[in-house]
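Below is one structure, written out as structure tokens; the observations come after it.
The values are calculated or read from the model by the stated rules, or taken from the named source; none is laboratory data. Here the structure is a predicted model, which is why all the values come from computation and not from measurement. Here Cβ is always computed from backbone atoms with ideal geometry, including for glycine, and neighbour counts include all displayed protein chains. All accessible areas refer to the heavy atoms of the entire protein, side chains included, with ligands and DNA or RNA removed. Shrake-Rupley method; radii C 1.70, N 1.55, O 1.52, S 1.80 Å.
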Amino acid sequence: MKIDNSLPLEYSTDQNQLNILGFWIFLGAEIMLFGTLFASYFTLVDRTGAGPAGAEIFEITPVLIETLLLLTSSFTIGLAVHAMRLANKKATMAFIGITLLLGLAFLGVEIYEFVHYVHIGAGLQTSAFTAILLTTLGTHGAHVTFGLFWGTFILLQIKKRGLTPETGNKSFIFSLYWHFLDVVWIFIFSFVYLKGMM
Amino acid sequence: MKLKWALLAVFFTITTVLTGCEPLLVLDPKGPQAERQANDIMLSIGIMSFIVIAVLAILTYMLIKYRASKQSEDYEPPHIEGNPIVEAICVGIPVIIVIFLSIVSVKSNYIVEATPQGYEDQEPLVIYASSSNWKWHFSYPEEDIETVNYLYIPTDRPLEFKLYSYGPITSFWIPQLGGQKYAMADMVTTLHLAAEVPGEYMGRNANFSGEGFAENAFNVKAVPPAEFDEWVEEVKETASPLTEEKFNELLEPGHLGQSTYTGTHLEFSPAPEHNHGSSEQDEHSTDEHHESGHSEHDDEHSQH
Amino acid sequence: MEFFERFAVPHPSPAIYASMVAIGLTVIAIIAGLTYFKKWGYLWREWLTTVDHKRIAIMYLISALLMLFRGGADAILMRAQLAVPDNKMLDAQHYNEIFTTHGVVMIMFMAMPFVFAFMNYLIPLQIGARDVAFPRLNAISFWLFFAGAMLFNISFVVGGSPDAGWTSYFPLAGNDFSTSVGTNYYMIALQISGLGTLMTGINMITTIFKMRAPGMTLMKMPMFTWSSLIANVIIVFAFPVLTVALAMGTMDRLFGTNFFTTSNGGMDMLWANLFWVWGHPEVYILILPAFGLYSEIIATFSGRNLYGYKSMVASMVLISLLSFLVWTHHFFTMGQGALTNSIFSITTMAIAVPTGVKIFNWLFTLWKGKIRFTVPMLYSLGFIPLFTVGGVTGVMLAMSAADYQYHNTMFLVAHFHNTIIPGVVFAMLAGFTYYWPKMFGFMLNEKIGKWTFWMLTVGFVLAFFPMYISGLDGQARRMYTYSEAAGFSMLNMLSFVGAAVMAFGFVLIVYNIYYSVRYSPRNIGANPWNARSLEWATHTPVPEYNFAITPNVASSEALRDVKNGHDLFPGKYEKIHMPNNSGLPFIMGVIFFVWGFSFVFAMWIPLIIATIGIFACMGYRSAEKDHGRYISVKEIEDTETKLRGA
Ligand code: HEM
Ligand SMILES: [Cu+2]
């Protein structure tokens, strides 16, 4: 394994560079995935059947909390990558840890939100609108959940193996993923919630 | 190579013999819309044959002239990069053809999506054609009668079919009067036809809709207007009324013969609300509709 | 008992029972054979756990051929049923299942793996790399594809096949009208193999962008690699759309949602839109690599460089962009009005322009060449006029007003077979014959190959050209029978004869393999066809590390450069880093199969267990330390002398 020390840790081997490019392409596919969900959402948003419309069920408070949590976590994961580049293992781990905790809190609020929707009669089966709403949110939420497990794994590996080209690479890629989820959330926030409440 | 030509020759004789006896339905139009479509088809077949023949000719020339067996052992083919002029021609000719066909295509679109030309000043006969597994129900709201699996229409009068479905997507098609259009559960589509020649025509569902699809056909009888009025009168005198109960019975999956009723199911089971693709809307409002992006019109029917 | 009833086939027939027995016997025979010849270890070590792109390619190839015969059997049954009017050989339900599985199997499980076989085999060789960017992921892709294919195929004997057409339009495919689990199989099998496809896309793009040998700029890549690059970009952008559509379809069927239903706001047209937003690019995913293969073959057997390299690349880029802007042409008749139809009519016809450019470039590649009529070349030469017919009928279909008459008829069926068979299938057979020596070290018999070509071509014309006519005569597609009075009996009989001739052609391929394995000479050298590009510069058969020394590339025609005195392999041997084999991809494939099967039958507990299993595999992979291994200079020297001697 050739290591090129003139490059940042996450880019320092050939395989690392491949991984990062590959992940960017994967994010391209993810954009299409969420793009399709959004397109379907806009198509079905008025098809509420006998169920409620968005304006009737959206609540601003949990959504704002979620937004705040996720935005902050995007910032902390950025700090984690910064710390990783400075080869500061402790700080890297701490920031990843904070990120995951924020993610967990986000997920908690989102689960509360879902339970609430089902409670007030906006379940998955209610109408085309509720189905696409919960699917779009749920796909994002599932990504966050997956990210929590993934991040925990990386955390454990950094703890055990230190900041190597591999763990550095993994945490960098994880940060890309996490930023991406944040961007998706911003779209959800603006076009699903804000637009829906207006 | 000879074998190939021989086979092609055989093939063409066979097809001409096969098709010589009777004209193909689509190319034997009995109404203005089908005629427009048949003309477009013949025109495009002509242009397309020209392209195919040109390609075949160039190919044959290349193969005869440059095959290895005709060349000396030590002939070394040259290295040739593309030539801008040659390539410009290869782009230019197809572009011209495509532009020409596009113009034809766009014109025809507006023609087949409107009241047939020459009939604009007549009041169209509106018929609601709805499909259920695996039948067709034809409601004549003005005449207040309904038929199952057969259609009676007057000649020389514009027909406006309002299509929808009580089940899977189907497609209403009478080849000799004009092309098909889908019938769907959550919106009404409109198909403009007219018949100019009295006669019996084949009509069917063209879109696969499950087990009984193959038999999902209906008979179309085009008669002069006076005869049509007589038929309506006769139905009104002889047919039994269509009750909701009876209609629900008709909707049960299966095949039925032809039958006739007075009254229509529209009274107790109206067509879906969303209306789409009718001539009035399209001629007058498509522009704003598309420029305004996501008008409510758009939402009914997904991204364009 | 009740638990097992769900696995019964809802519409059994003697043929299905016979197939069950046949499948059972084959499985037993394979297991017994492997045990008797003590090949389990070999199978596991050399194939099931391999991450070598060349072996994965061969596994794709074998799968594709198997699926070709499965889909082909469906095809010949359909044509036999339609050969005479009012035929009672198959009933409507069986006919519907057969055309549905035919379409899905041929597109997803025959054409796609065929294309992947060549991408896997050729891309690293053509760019001078040792393997793809993510060899392990590559193996996972294959096993996901395979799991999906197997899952789809067992639907036939367990629970019932899908019967709503390969397009699976809702509401027909919804619970109300498709009550068996068949459509569940469709949704989930395609989901699993689609996942594999997406990963292949990512893998290949990364490989092509990052792993080219020194000197190989993008514009010096062989044309097949270019075409694959573009096809893979289309994959990455198109497949997520299918993923979403299938997920929504699955939820409608299993979780009672209302995406595509006819009540509670559901919208059947959304499925059609999503399906074709993926579906149209999908046909270009298939045809572009085929174009790439033709470009290689036509150049080789004209003894010349490819004419208009730049315009070839440009036209493919243009096609890939346009392919996302035409999907509505699959439902001009949905009532979206004249304006929308006009727009999509024009974008669709526009695709014909870059396609035409390619046709002319192939024709001009023949110009001043020295044309050898080998089997791969025959396919390529047959392709040119036949595909032109397919293309121009596409333009005819693109005239939306006229399409109201063609849509849903045999005319449409003739069009897409006319593009897919001479376009994709011929390309695959040409590539198969052309690269066979590189893969296996001996040539396929040319004489049998020529017979095959002529049977397929003649059979094709006989089988599909009559459909243009019967379509115009009002024969709708997907009808299981028609009446004598309809007047197209003769045409359908002709189609049946053509299909039978094609079937013989396909059987001849198998015979050719058998014959050539036994009788073909083995001493053929590295470049038996006198080809020009980089993949022919290494030994035959190819050593696992592909090139002992990383090539130094000067143009897209490496071997011509060598002839002109270019030093393709400068330097001396160095140890080579290679990835380790792994059983994980195969195990994940098995777990995905179980996952899919549980999902199809809504068995939630096994589904959850399988899901955990999948994540456990991923977790294991993440924690695993695997730095691959090195091939020493000594080993390389030994291999090289041996291969050179041979
Ligand atoms: C010049 C290029 C082409 C044009 C203009 C074109 C045009 C069209 C149009 C307008 C349709 C829809 C017709 C209808 O449903 O009524 C269609 C269907 C289709 N085409 Fe093409 N096409 C072209 C090339 C291809 C190629 C290269 C392939 C495959 C490799 C292909 C495969 C198909 C398939 C599979 C369908 C429909 C399948 C179905 O409905 O089940 N086409 N084409
Ligand atoms: Cu298409």
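Only one of the numbered conditions (1) within 16 Å of ligand 2 (Cβ to nearest atom); (2) at the interface with chain B (Cβ under 7 Å from one of its Cβ atoms) is not met by C:Leu325, and that is (2). Would you point out the residue of segment B:213-226, among those that are in contact (Cβ under 8 Å) with a residue 24 or more places away in the chain and part of a helix (DSSP H, G or I), that is surrounded by the fewest Cβ atoms within 10 Å (Cβ to Cβ)? For segment B:213-226, the residue satisfying everything is B:Pro225.
If the condition is being more than 14 Å from ligand 1 (Cβ to nearest atom) and touching a Ser or Thr at 6+ places or on another chain (Cβ under 6 Å), then segment C:307-325 contributes only C:Tyr307.
Just one of (1) more than 16 Å from ligand 2 (Cβ to nearest atom); (2) modelled with pLDDT of 95 or more; (3) within 14 Å of chain A (Cβ to nearest Cβ) trips up C:Ser263, so point out which. Failing condition for C:Ser263: (2).
What's the number of the only condition in (1) buried (at least 24 other Cβ atoms within 10 Å of the Cβ); (2) at the interface with chain B (Cβ under 8 Å from one of its Cβ atoms); (3) of a type in the set (A, V, I, L, M); (4) away from ligand 1 (no atom under 14 Å from the Cβ) that C:Leu456 fails to meet? Status for C:Leu456: all satisfied but (2).
Looking at segment C:393-453, the helices (runs of 4 or more DSSP H) lying wholly inside it that each contain 2 or more residues that are in contact (Cβ under 8 Å) with a residue 12 or more places away in the chain and within 28 Å of B:Pro32 (Cβ to Cβ) sit at C:400-406, C:410-419. On inspection, C:Ala602 passes the criterion of being assigned to a loop (DSSP other than H, G, I, E, B), more than 30 Å from C:Ile549 (Cα to Cα), more than 26 Å from the chain's Cα centre (by Cα) and not acidic (Asp, Glu).
Does C:Phe344 qualify as being facing chain B (nearest Cβ under 8 Å), near ligand 1 (Cβ under 9 Å from one of its atoms) and open to solvent by less than 20 Å² (accessible area, probe 1.4 Å)? Spelling it out, it is not the case that C:Phe344 is facing chain B (nearest Cβ under 8 Å), near ligand 1 (Cβ under 9 Å from one of its atoms) and open to solvent by less than 20 Å² (accessible area, probe 1.4 Å).
Can C:Met106 be described as in a helix (DSSP H, G or I) and under 30 Å from C:Thr179 (Cα atoms)? Criteria met by C:Met106.
Here C:Val392 clears all of (1) away from ligand 2 (no atom under 16 Å from the Cβ); (2) within 25 Å of C:Ser323 (Cβ to Cβ) except the condition numbered (1).
Quick grid of which residues meet (1) closer than 26 Å to C:Met312 by Cβ; (2) surrounded by fewer than 21 Cβ atoms within 10 Å (Cβ to Cβ); (3) in contact (Cβ under 8 Å) with a residue 60 or more places away in the chain:
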residue: C:Val497; (1), (2), (3): no, yes, no
residue: C:Tyr511; (1), (2), (3): no, yes, yes
residue: C:Pro528; (1), (2), (3): yes, yes, yes
residue: C:Pro541; (1), (2), (3): no, yes, yes
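If you go through segment C:179-222 and keep only what is touching a residue at least 24 places away in the same chain (Cβ under 8 Å), assigned to a helix (DSSP H, G or I), hydrophobic (A, V, I, L, M, F, W, C) and more than 14 Å from every other protein chain (Cβ to nearest Cβ), you end up with C:Met187, C:Ile188, C:Ala189, C:Leu190, C:Ile192. From the list C:Lys358, C:Lys368, the lone residue that is in a loop (DSSP other than H, G, I, E, B) and in contact (Cβ under 8 Å) with a residue 24 or more places away in the chain is C:Lys368.
Residues checked against (1) of a type outside the set (Lys, Arg); (2) within 7 Å of another protein chain (Cβ to nearest Cβ); (3) within 16 Å of ligand 2 (Cβ to nearest atom); (4) in contact with a Phe, Trp or Tyr (Cβ under 9 Å, 6 or more places away or on another chain):
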site: C:Pro385; (1), (2), (3), (4): yes, yes, no, no
site: C:Met396; (1), (2), (3), (4): yes, yes, yes, yes
site: C:Tyr406; (1), (2), (3), (4): yes, no, yes, no
site: C:Ala463; (1), (2), (3), (4): yes, no, no, yes
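Counting only residues that are more than 13 Å from ligand 1 (Cβ to nearest atom) and out of contact with any Lys or Arg (no Cβ under 7 Å at 6 or more places or on another chain), segment C:331-341 holds 5 of them. I'd like to verify a number: residues in segment B:188-225 that are facing chain C (nearest Cβ under 8 Å), over 17 Å from C:Gln405 (Cα atoms) and polar (S, T, N, Q), how many? The number of residues fulfilling the criteria is 1.
Of the residues making up segment C:554-578, those that are under 23 Å from C:Glu296 (Cβ atoms), out of contact with any Asp or Glu (no Cβ under 8 Å at 6 or more places or on another chain) and in contact (Cβ under 8 Å) with a residue 12 or more places away in the chain are C:Ser556, C:Glu557, C:Ala558, C:Leu559, C:Arg560, C:Val562, C:His566, C:Phe569. Within segment C:296-310, if we keep just the residues that are outside any loop (DSSP other than H, G, I, E, B) and within 13 Å of another protein chain (Cβ to nearest Cβ), the residue that is most open to solvent (accessible area, probe 1.4 Å) turns out to be C:Lys310.
Cβ-Cβ distances below 9 Å connect the following pairs, each with a first residue in segment C:1-29 that is polar (S, T, N, Q), a second residue that is open to solvent by 70 Å² or more (accessible area, probe 1.4 Å), and a separation of six or more residues or different chains: C:Ser13/C:Asp91.
Counting the residues of segment C:347-363 that are more than 10 Å from ligand 1 (Cβ to nearest atom) and more than 7 Å from chain B (Cβ to nearest Cβ) gives 3. So, in segment C:331-341, of the ones that are on the phi < 0 side of the Ramachandran plot, buried (at least 21 other Cβ atoms within 10 Å of the Cβ) and part of a helix (DSSP H, G or I), which residue ends up farthest from ligand 2 (Cβ to nearest atom)? Among residues in segment C:331-341 that are on the phi < 0 side of the Ramachandran plot, buried (at least 21 other Cβ atoms within 10 Å of the Cβ) and part of a helix (DSSP H, G or I), the one farthest from ligand 2 (Cβ to nearest atom) is C:Ala338. Residue check: is B:Asn109 surrounded by fewer than 21 Cβ atoms within 10 Å (Cβ to Cβ), out of contact with any Gly (no Cβ under 6 Å at 6 or more places or on another chain) and facing chain C (nearest Cβ under 10 Å)? Answer is no for this residue.
So, of the residues in segment A:48-63 that are in contact with a helix residue (DSSP H, G or I) (Cβ under 9 Å, 6 or more places away or on another chain) and open to solvent by 30 Å² or more (accessible area, probe 1.4 Å), which turns out to be farthest from the other protein chains (Cβ to nearest Cβ)? Filtering first and then ranking leaves A:Ile60. Taken over segment A:83-110, residues that are open to solvent by less than 30 Å² (accessible area, probe 1.4 Å) and closer than 21 Å to A:Leu163 by Cα amount to 8.
Among the residues of segment C:285-292, is any more than 11 Å from ligand 1 (Cβ to nearest atom) and under 18 Å from C:Ser315 (Cα atoms)? There is at least one residue in segment C:285-292 that is more than 11 Å from ligand 1 (Cβ to nearest atom) and under 18 Å from C:Ser315 (Cα atoms). Going by the conditions given, is C:Thr328 modelled with pLDDT of 95 or more, on the phi < 0 side of the Ramachandran plot and more than 9 Å from ligand 1 (Cβ to nearest atom)? For C:Thr328, the condition - modelled with pLDDT of 95 or more, on the phi < 0 side of the Ramachandran plot and more than 9 Å from ligand 1 (Cβ to nearest atom) - is met. The combined condition, being open to solvent by 30 Å² or more (accessible area, probe 1.4 Å) and either among the aliphatic types (A, V, I, L, M) or part of a helix (DSSP H, G or I) (or both), is not fulfilled by A:Ala80.
A single member of C:Gly265, C:Gly279, C:Gly249, C:Gly215 is at positive phi and open to solvent by less than 30 Å² (accessible area, probe 1.4 Å), and it is C:Gly265.
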